[in-house]
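Novice: To start, I am sharing the structure in question, which I have written as C-alpha cells.
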Amino acid sequence: MNRIFVLIHLAAVIVWIGGMFFAHFCLRPVAAAQLPPPQRLPLLAAVLGRFFTLVGWALLLLWASGLARISQAGAAVPGNWFVMAGIAAVMTAIFGVIALRFHSRMAAAVAVQDWPAAGVAMNSIRQLVLVNLVLGVVTVAVAVLGS
C-alpha cells in the first residue's frame, strides 16, 4: 500500500509543479508575445481555470497520500517529511489566494472585457505561481536530499 501512496503523491506533485512550470515558462510568455490582450487574457483565464481545477484534485490526493504515509510511519516519521508538509501548507495557501482571489478577479474582468484589470490579475497570478514553483522545487529537493 505504501508504494501506491507514493505513486499517488508523485503523480499529484507532477501535475502541480509540472503544470506551474509549463504555464509560467511556456504558455504565458508565448501567449503574451503572440496575442493581444483581448485574445490572450480569455485564453489564459480559461486554461488556468481548467488547470486550477486539476490542481484542486491533485491537492486532495497529495494531502491524503502524504497524511496516509505519515500515519503509516508512526513514530518513525523522517524529519524532512515535516519540512515538506510545512512548505506544502504554505503552497496550498498561496494556491488558494491565486485561485480564489486573483483568478476570480481575472475571470470577472475577462467577462466584461476589462483588459487592464484582467492583466493586473494575471500579473499577480504569474508572480504567485513563480513563488509556488520555487517552493515546489525546494520541496522536491528536501524530499530527495533529506532521505
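Only the coordinates and a few stated rules stand behind these numbers; no lab work does. Bear in mind that the values here come from a model prediction, so they are computed numbers and not experimental data. Cβ atoms come from the backbone with ideal geometry, glycine included; neighbour counts cover every protein chain shown.
Novice: What nm value, rounded to one decimal, do you get for the distance between Val120 and Phe21 when each label is placed 7 Å out toward the C-beta?
Specialist: 3.4
Novice: Mind sorting Trp57, Trp115 by how few other Cβ atoms lie within 10 Å of their own Cβ, fewest first?
Specialist: Ordered by Cβ neighbours within 10 Å, fewest first: Trp57, Trp115.
Novice: Over its Cα atoms, what ratio of radius of gyration to 2.2 N^0.38 Å does the chain give?
Specialist: 1.16
Novice: Okay, next question. Within a 10 angstrom radius of the beta carbon, how do Ser104, Ser65, Ser71 rank from fewest other beta carbons to most?
Specialist: Fewest-to-most ranking of Ser104, Ser65, Ser71: Ser71, Ser104, Ser65.
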